[in-house]
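Any read-out appearing in this document is the output of simple, stated calculations on the displayed coordinates, not a laboratory observation. Bear in mind the structure is a predicted one, so any value in this text is a computation, not a measurement. Glycine also receives a Cβ, built like all others from the backbone with ideal geometry; neighbour counts cover every protein chain displayed.
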Amino acid sequence: MAQPFVEPVPPGGAAAAPPSPFETGMRGFSMGLSAGLAGGYLVARENGLNSSDWRPVVAGAGIGALAGGALGFTLGMVDNNSRAPGRGYLVMRGMSYGGGFGMVAGAIIGGLTALKTDKPEHILFGAAIGTLSGTVLGLILGSVERNPWAPAARGPTAWNLGIGACTTGQGGLAFGPTFSGYFGGGPRRHF
C-alpha cells in the first residue's frame with residue numbers, strides 16, 4: 001500500500017522553504033477567478049439579470065483569473081529574488097481566503113435578506129459584494145501578516161491596527177484607521 005507523501009519538517013523548527021512563484025501564481029488564479037466572477041455578476045445585473053447576461057460574467061471570470069494569475073506569479077518572482085521571501089504568497093493567500101470568507105458571509109447575509117424580501121437574487125448579490133470586500137480585506141491583512149520566511153528583526157518589534165478618533169476642521173468627531181508600531185530602537189511611531 002502506498003504511503004501518502006508528507007512534507008518533511010525542517011530540523012530545529014525552522015520554516016519550510018518559501019513557496020515557488022508558480023504556487024503564488026496559482027493562488028492568484030483562484031483569487032482572480034472568484035473576484036472576476038463577482039465583478040462580472042455585478043456588471044451583468046446592472047439593469048436586471050436576464051438569460052442573455054452571461055457574457056459579462058464569463059468575461060469577468062476570464063479577465064480576473066488571468067490578471068490574478070499574472071499578479072500572483074509576479075509577486076512570486078519578486079519574492080524569489082528578495083532577502084525576505086514569502087510576502088507575495090501571504091498577500092495572495094490572504095486575498096484568496098478573504099474572498100472565500102466574504103463570499104460565504106455575503107451569501108448568508110443575502111440569504112437572510114432574501115427570506116424577508118422574497119427575492120432570492122439577494123443571495124448572489126450578497127455573495128458578490130462579500131467576495132470583493134473580502135478580497136480587499138485579505139490584501140490588507142496579507143500585507144501586514146508576520147512573514148515566517150523573513151529573517152529575524154533586530155530588537156523588539158510590535159505593531160497595532162485600530163480605530164482612532166480625531167477632531168474635524170469644523171469641530172466634529174471623526175473616526176479612522178490607525179497604525180502604530182515599534183520597530184527596534186528609537187521612539188514609537190504613530191501613523
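Below are the figures for this structure:
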item: Local electrostatic count at T24 - Lys and Arg +1, Asp and Glu -1, tallied over other residues with Cβ under 15 Å; result: 0
item: Cβ-defined net charge surrounding G72, 15 Å radius [Lys, Arg +1; Asp, Glu -1]; result: +1
item: Relative packing of peptides 82-89, 112-119, 64-71, 129-136 - highest average C-beta neighbours within 10 Å first; result: 129-136, 64-71, 82-89, 112-119
